[in-house]
Amino acid sequence: MVALLFSACGDGGEEENGDNNNNNNNSNNNNDNNDNSSNNENNTLTISGEQVYLLDWDEDTYVTTYTPFTGNRTVYSYYTDWTVNTYPRVYYNNGGGGSITNGKLSFSIGKPIYLEDIDKLLDRNIRYAWTDVRASDTSVKCSELYLSTNANNYYDGSLGKVDYNGSVSGNNCTGNEREVGFIYVDKDVTITGKGRTEPYNYTDPDTGYTENWTEKTNDINLSLKAGWNTVYSREESSGTFIGTWPDYTNITGTETVSITLENPASTKWVLWEFN
């Protein structure tokens, strides 16, 4: 199955100052309203007073519930070298700072401490599901925004800006996984890639359970400006199953993934804490 891309990072709205507008590619926005988000004159990304939620997914009904978080946390940004496959993974502070106060998130970051070659980001997030992926300038350095309330373990306490929802009616199901991420680039760069359509088929040898999906990725054309940019990944799926949800025996469906430069108002900041 195609995974969503980039780090998933609103009532207050990210600040928008200066001339760099990141809503350049909105042809497939499903009529979502966009929050304002871009780098300002100092290449600083500022999140101001946005409500944080706790997310619950009901496996039986396929329905998600967002409950407002009311607590207080310190928020950190982190970098990790994804090419190093060691556990526990090592995380490094990547600059900036902020907090959740009475459930509202505020965070500000300028130029990140750790930057990587843009080809590394494309290898990790794009090239496995798109073809002919290119950066107009391969000398560009970049960084993704990862936020967490945990100073020692990014995943336990991670924050993401998402919109997950689904439904089941009769023997039909739909699911939408939408994520907003923030990417810093040190120079203007355009990322392009051609989408593809491929089958995904799985059969459990013990139970006979089967999945048959048609997976499609749409072409991408992302014009990133020097500083912080907002990237929106959208995965939409629909299927028909045999049996009773969620204990069905066969499912057949389609899945489509798009990436644009948007920050829809429908996405919410979600906090995942496991301990």
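The values are calculated or read from the model by the stated rules, or taken from the named source; none is laboratory data. Note that the structure is a prediction, hence the values are computed from the model and not measured. Heads up, the Cβs are rebuilt from the backbone with ideal geometry, glycines too, and the neighbour counts pull from every protein chain shown. When the accessible area is computed, the model is the full protein with side chains, heavy atoms only, and any ligands, DNA or RNA have been set aside. Shrake-Rupley method; radii C 1.70, N 1.55, O 1.52, S 1.80 Å.
Determine the per residue accessible area of the stretch 134-265 with all protein chains present and a 1.4 angstrom probe, expressed in square angstrom. Mind dumping the intermediate values first?
On the way: 5350 Å² over 132 residues.
Result: 41 Å² per residue.
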In range of the label at E59: residues from the stretch 232-255 whose backbone nitrogen is under 14 Å from the point 7 Å along Cα→Cβ: 245-248
Within the stretch 152-182, name every residue whose backbone N is under 19 Å away from a label modeled 7 Å from Cα of T240 along the Cβ vector. 167-175
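Trypsin sites (Lys or Arg not before Pro) within the stretch 145-203: which are DSSP loop residues with at most 16 other Cβ atoms inside 10 Å? Intermediate results must be reported in sequence, preceding the final value.
Details: sites: K161, R178, K187, K194, R196; in loops: K187, R196.
Loop-located and lightly packed - K187, R196.
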For the stretch 68-114, what percent of Cα pairs sit more than 13 Å apart? 62 percent
For the stretch 86-165, the Debye formula with one identical point scatterer on each Cα and no solvent gives log10 I(q)/I(0) at q = 0.16, 0.18, 0.26, 0.27 Å⁻¹ as -0.83, -0.99, -1.28, -1.30
Taking 7 Å along the Cα-to-C-beta vector as the label spot, tell me the Y202-N172 distance in nanometres, rounded to one decimal. 2.4 nm
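List the GluC sites (Glu not before Pro) within the stretch 48-117 that DSSP assigns to loop and that have no more than 12 neighbouring Cβ atoms inside 10 Å. Present the calculation step by step, with values, prior to reporting the outcome.
Working: sites: E50, E59, E116; in loops: E59.
Those that pass, being in a loop and sparsely packed, are E59.
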Amide H contacts of N94 (H built 1.01 Å from N, under 5 Å, at least 5 apart or other chain): S77, Y78, Y79
Computed label-point distance, nm, for sites V84 and K120 using a 7 Å Cα→Cβ extension: 1.0 nm
Run the simple label-point estimate for Y209 and S108 please: 7 Å along Cα→C-beta, distance reported in nm. 4.9 nm
Of V162, T203, L105, which is farthest along the charge dipole of the stretch 105-223 in the positive direction, counting Lys and Arg as +1 and Asp and Glu as -1 at C-beta? L105
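Of all the accessible heavy-atom surface of the stretch 86-180, with the other protein chains kept in place and a 1.4 Å probe, what percent is carbon and sulfur? Kindly include the intermediate steps, with their values, before the conclusion.
On the way: 1920 of 4210 Å².
For the stretch 86-180, the apolar C and S fraction of the accessible surface comes to 46 percent.
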In whole angstrom, how far apart do the alpha carbon centroids of the stretch 95-113 and the stretch 133-208 sit? 22 Å
Taking a ≥ b ≥ c as the square roots of the eigenvalues of the Cα gyration tensor of the stretch 140-196, is the shape rounded (a/c under 1.5), prolate (a/b larger than b/c) or oblate? oblate
